[in-house]
Amino acid sequence: DAGVIQSPRHEVTEMGQEVTLRCKPISGHDYLFWYRQTMMRGLELLIYFNNNVPIDDSGMPEDRFSAKMPNASFSTLKIQPSEPRDSAVYFCASSPSSQGNSYEQYFGPGTRLTVT
Amino acid sequence: AQSVAQPEDQVNVAEGNPLTVKCTYSVSGNPYLFWYVQYPNRGLQFLLKYITGDNLVKGSYGFEAEFNKSQTSFHLKKPSALVSDSALYFCAVRDHNTNAGKSTFGDGTTLTVKP
């Protein structure tokens, strides 16, 4: 299995531009999570999906952030417009489940976003 | 509500010595507990988990963790540390009574193993 795939691995953009991060979860996993990691705030859960449905988006910082999961094998996290404080490493993770409960998470390599 | 605490930001040990990275948790029901490791410029990597059963859980790379319900702890241990174990370690908890999908992660502990 290729593991969780994220693209791009690095993104440098100017303030005000739209940024789209992409994730392909591990096949058969029905939970998908988006995290952000910074030195100041550590690892933050932004949003997670179960069977392609958003379950909890309380961690999404503001309306500039949006996430979608159109099918079981693809998710996007979009920032529009981007700001310098959005600079961080964004991780996607997926998790298998049993009887509706998720277990360990498998993380992608992350996308390092720099907004100038 | 569920929460987890890693009381040490940094742990330093000499190669060959035993290591312990501490984790305590709080849940309203019974916990699922996890340890993850993050090497520089990499994503988090699952090490081991406690779901139920034996309190001593063995995982990848020679790591183990002991679930202690009375002390609400799940400390990560290794009998003999390697320089290559140097990384950032995260403890995570999920309350299986909530039937919620998300885990709560600790702030992480940086382990440095010196030759």
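Some observations on this one:
- Subset of region B:18-61 that is open to solvent by 80 Å² or more (accessible area, probe 1.4 Å) and touching a residue at least 24 places away in the same chain (Cβ under 8 Å) - its residue that is nearest to B:T104 (Cα to Cα): B:S28
- Any strands (runs of 3 or more DSSP E) falling wholly within region A:68-116 and containing at least 3 residues that are more than 14 Å from chain B (Cβ to nearest Cβ) and touching a Leu at 6+ places or on another chain (Cβ under 8 Å): A:74-79
Here's the yes/no breakdown for (1) part of a loop (DSSP other than H, G, I, E, B); (2) more than 14 Å from chain B (Cβ to nearest Cβ); (3) among the small types (G, A, S):
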| site | (1), (2), (3) |
| --- | --- |
| A:G16 | yes, yes, yes |
| A:T20 | no, yes, no |
| A:C23 | no, no, no |
| A:H29 | yes, no, no |
| A:R36 | no, no, no |
| A:L45 | no, no, no |
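- Residue match in region A:61-76 (condition: crowded, with 19+ Cβ neighbours inside 10 Å, in contact (Cβ under 8 Å) with a residue 40 or more places away in the chain, over 21 Å from B:G106 (Cβ atoms) and touching a strand residue (DSSP E or B) at 6+ places or on another chain (Cβ under 9 Å)): yes
- Filtered residues of region B:74-115 (kept if β-branched (V, I, T), within 13 Å of B:Y36 (Cβ to Cβ) and open to solvent by less than 10 Å² (accessible area, probe 1.4 Å)): B:V93, B:T109
- A single entry from A:P109, A:P54 fulfils the requirement of being within 22 Å of B:W35 (Cβ to Cβ), surrounded by 14 or more Cβ atoms within 10 Å (Cβ to Cβ) and in contact (Cβ under 8 Å) with a residue 12 or more places away in the chain: A:P109.
- In region B:35-115, counting only strands (runs of 3 or more DSSP E) that sit wholly within it, the ones holding 1 or more residues that are more than 12 Å from chain A (Cβ to nearest Cβ) and within 16 Å of B:L19 (Cβ to Cβ) span B:56-58, B:64-68, B:73-78, B:87-95, B:109-114.
- Hits in region A:1-14 - residues which are away from chain B (no Cβ under 14 Å), farther than 17 Å from A:S75 by Cβ and either in a loop (DSSP other than H, G, I, E, B) or without any contact (Cβ under 8 Å) to a residue 60 or more places away in the chain (or both): A:E14
- From A:L21, A:L43, residue being in contact with a Gly (Cβ under 8 Å, 6 or more places away or on another chain) and buried (at least 19 other Cβ atoms within 10 Å of the Cβ): A:L43
- Among residues of region B:1-17 being hydrophobic (A, V, I, L, M, F, W, C) and open to solvent by 20 Å² or more (accessible area, probe 1.4 Å), the one that is farthest from A:V4 (Cα to Cα) is B:A14.
The values are calculated or read from the model by the stated rules, or taken from the named source; none is laboratory data. Because the structure is predicted, anything quoted here is derived from the model rather than measured. So basically every Cβ, Gly included, is an ideal-geometry build from the backbone, and we count neighbours across all protein chains shown. Accessible surface areas use protein heavy atoms only, side chains included; no ligands, DNA or RNA. Shrake-Rupley method; radii C 1.70, N 1.55, O 1.52, S 1.80 Å.
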